[in-house]
Each structure stands twice: as structure tokens, then as C-alpha cells.
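Peer 1: Here it is: the structure, laid out below.
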Amino acid sequence: LRKPAYVLALLTLCFFIGYLIYRISNSLKDNFRRNPYAPIYA
């Protein structure tokens, strides 16, 4: 199961991009729950 280093790097990059999307969406959800009437959500 040896893979080239670029495959490992690509998978790691995909993981961190997915994690970043997850954290940003959770942050937006939390901000909306704290203040649903903020102008950013209009």
C-alpha cells in the first residue's frame, strides 16, 4: 500500500480544505443562532 508522496500531500490538502469548510460553516451557524437579525443574513 505504498503511495507516492504527492498522493499523500493531495489527500492531506483535501482533508484540511474540508475541515476548513466545516469550521467556517459551523461558525456562521453559531453567529446566526446568536443574532438572527444581523444585517449580514438579510
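Derivation of every value follows stated rules applied to the coordinates shown; laboratory data play no part. All values derive from a computational prediction rather than experimental measurement. All Cβ positions, even for glycine, are placed from backbone atoms using ideal geometry, and neighbour counts span all protein chains on display.
Peer 1: Multiplying the sequence separation of residue 25 and residue 3 by 0.36 nm and subtracting their Cα-Cα distance, what value in nm do you get?
Peer 2: Working: separation 22, 0.36 × 22 = 7.92 nm, distance 3.21 nm.
Separation in residues times 0.36 nm, less the Cα-Cα distance, equals 4.7 nm.
Peer 1: Multiply the residue gap between residue 41 and residue 16 by 0.36 nm, knock off their C-alpha separation, and tell me the result in nm, one decimal place.
Peer 2: Working: separation 25, 0.36 × 25 = 9.00 nm, distance 2.66 nm.
Length gained, residue 41 through residue 16: 6.3 nm.
Peer 1: Where in the chain are there chymotrypsin sites (Phe, Trp or Tyr not before Pro) that are in a DSSP coil and have at most 12 other Cβ atoms within 10 angstrom of their Cβ? Working shown, then result.
Peer 2: Working: sites: 6, 15, 16, 19, 22, 32, 37, 41; in loops: 37.
Sites meeting the loop and neighbour criteria: 37.
Peer 1: Follow-up. As an exercise, take the mean of 1/r over every pair of distinct alpha carbons in the chain, invert it, and state the Kirkwood radius in angstroms. Show your work: numbers first, answer last.
Peer 2: Values: mean 1/r = 0.0794 Å⁻¹.
Hydrodynamic radius (Kirkwood, Cα pairs) of the chain is 12.6 Å.
Peer 1: For the chain, which trypsin sites (Lys or Arg not before Pro) are in a loop by DSSP, counting at most 16 other Cβ atoms within 10 Å?
Peer 2: On the way: sites: 2, 23, 29, 33, 34; in loops: 2.
Qualifying residues, ordered by number: 2.
Peer 1: Now for a different question. Tilt of helix 5-34 relative to the longest C-alpha principal axis of the chain, in degrees (0 to 90, nearest 10)?
Peer 2: Approximately 10 degrees, to the nearest ten.
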